[in-house]
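Let me begin by presenting the structure, written as structure tokens, before commenting on it.
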Amino acid sequence: MRRPNASELARLLADHITRLAPELLPHGKKDSVEWRVGSLAGEPGQSLAVRLSGARRGVWADFSSGERGDALDLVAACLFDGDRRQAMAWASHWLGLSETTNAALIQRRPIQEKLNNSQELDKEAQQRRAKARRLWMDTPAGIAGTPVEAYLAGRGIDLRALGRAPGALRFHPAVWCAEVRKPLPAMLAAICGPTGKLVAVHRTWLAQSPSGTWAKADLQNAKKVLGGFSGGCIRLWRGASGKALDLAPERDVAIVAEGVETALSCAIACPEYRVLSAVSLSNMAAMKLPDTLTEIIVAADNDTGNASARKALDAALSQFAQQGRTVRLAMPEIQGQDWNNVLTHHDKDTGPERS
């Protein structure tokens, strides 16, 4: 009998996703047509969503880390550190397509069984945070003359026009990438909590073309976060005051965007404003900001066709308003565009403060 290939296994797993998702992520909860959980580590939360029905059943995304994939990828990520070959063997056994009695395969259980209580979850989170801090501290400060500067320039972001580069960015020549199982060059961004302490590191893997230009690496997930970062953000630009976020002066105005490139595009267009990256839409509403930030401009992507994204965006807008801040939404006119697209294709006078 012919062994099913990866795409066939993914489809078969998707057909049983209502049973598979709770088994892999038992601390999740059903939310309409999705199974929701905090992350691949399995803690309760909303950041990771697995589609349970419809044409897209089995598809999942972690809106905090940027990881996503099909049902086979979910097995690989939850059980085998991203190894699809082991995931295929496990899936064949789980689906009843294999007679294997390999003890290691049968005994391998969802990582959540190792994280059954809050104490173990806390320990796991502390280990990830410590790993993120080591990675950051082992990376030289500054991006001048590095592939990070070249990558951002290729996205239309000329940081030299600002007079100084954000200290929240660094370049590391070799950061381990589980997807290809080898180290790759990466742009690192520091995610800090309310007191300014580093809590996680955002990684964007980069690759150089034959012509010498730098771009995001051709990966399924070229961006991932190491460490938990709920409530934190990437502090990219201090604005006219030049003061740290926790020392922001009264009536300070901040632009809050989702991704690093979008936020930096806003800094180029509006250098007078403080600029923060929330990393993900799901984290935007959880951001803990000082009361002195009295006005928030949310520089959102025009992703109006995505119901989940719109729900998360509305939650952030509502949360900022409930905190007593003046809230403005700035969104590009063209569906599917973000503010980096605007910066690249239009004059900077179309910046978010003027939309």
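None of the figures in this text is laboratory data; all of them are computed from the coordinates on show. In this text the structure is predicted, and so the values were computed from the model without any measurement. Cβ sites come from the backbone with ideal geometry, for glycine too, and all protein chains shown count toward neighbours.
Find, among the trypsin sites (Lys or Arg not before Pro) in the range 176-210, those assigned to loop by DSSP (not H, G, I, E, B) with at most 13 other beta-carbon atoms within 10 angstrom.
Details: sites: Arg181, Lys197, Arg203; in loops: Arg181, Lys197.
Those satisfying the criteria are Arg181, Lys197.
Pairs exceeding 23 Å between alpha-carbon atoms, taken from Lys216/Lys311; Lys131/Lys182; Lys243/Lys288; Lys131/Lys223; Lys288/Lys311: Lys216/Lys311. Taking a sphere under 11 Å around the Cβ of Gly58 and counting the other residues whose Cβ falls inside, with K and R at +1 and D and E at -1, yields a net charge of +1. The residue among Leu13, Leu25, Gly69 whose Cα reaches farthest toward the positive pole of the charge dipole of the range 6-95, with charges on the beta-carbon of Lys, Arg, Asp and Glu, is Leu13.
Taking loop as defined by DSSP and a crowding limit of 13 other beta carbons within 10 Å, which trypsin sites (Lys or Arg not before Pro) in the range 252-341 fit? Sparse-neighbourhood loop trypsin sites (Lys or Arg not before Pro): Lys288.
Electrostatic tally near Ile143: other residues with Cβ closer than 9 Å to its Cβ, Lys and Arg +1, Asp and Glu -1, net 0.
In this simple spin-label model, placing a label point 7 Å from the Cα along the Cα-to-Cβ direction at both Ser209 and Arg11 gives a separation of 3.5 nm.
Shown for the chain are the DSSP H helices of 20 Å or more along their axis, judged by Cα atoms, with a mean Kyte-Doolittle hydropathy of at least -0.5: 307-322.
Taking label points 7 Å from Cα along the Cα-to-Cβ direction, Ala178 and His345 give a separation of 3.5 nm. Would you work out if the range 151-287 is rounded, prolate or oblate? Take a ≥ b ≥ c from the square roots of the eigenvalues of the alpha-carbon gyration tensor; rounded if a/c is under 1.5, else prolate when a/b is larger than b/c, oblate otherwise. Here the range 151-287 falls in the oblate category. Computed with the Debye formula from one identical point scatterer per Cα of the chain, without solvent, the log10 of I(q)/I(0) at q = 0.08, 0.11, 0.12, 0.15 Å⁻¹ comes to -0.41, -0.78, -0.92, -1.35.
Which of the GluC sites (Glu not before Pro) across the range 28-101 are loop residues per DSSP, with 16 or fewer other Cβ within 10 Å?
Details: sites: Glu34, Glu67, Glu99; in loops: Glu67, Glu99.
Answer in residue order: Glu99.
Projected label points at Asp83 and Arg56, each 7 Å from Cα along the beta carbon direction, are separated by 3.2 nanometres.
Mind putting a number on the dipole of the range 122-346 about its Cα centre? Charges go on the C-beta only, +1 for Lys and Arg and -1 for Asp and Glu, and I need it in Debye to the nearest 20. Could you put the intermediate results ahead of the total?
Values: 27 positive and 20 negative charges, 171 e Å.
It works out to roughly 820 debye.
Work out the charge dipole of the range 6-95 with +1 on the Cβ of Lys and Arg and -1 on the Cβ of Asp and Glu about the Cα centre, then indicate which of Gln86, Val59, Leu48 is farthest towards its positive end. Selected residue: Val59. Here the chain carries DSSP beta bridges of which approximately 70% are antiparallel, counting only pairs with both residues inside. For the range 1-54, taking Cα atoms only, Rg and Dmax work out to 12.5, 42 Å respectively.
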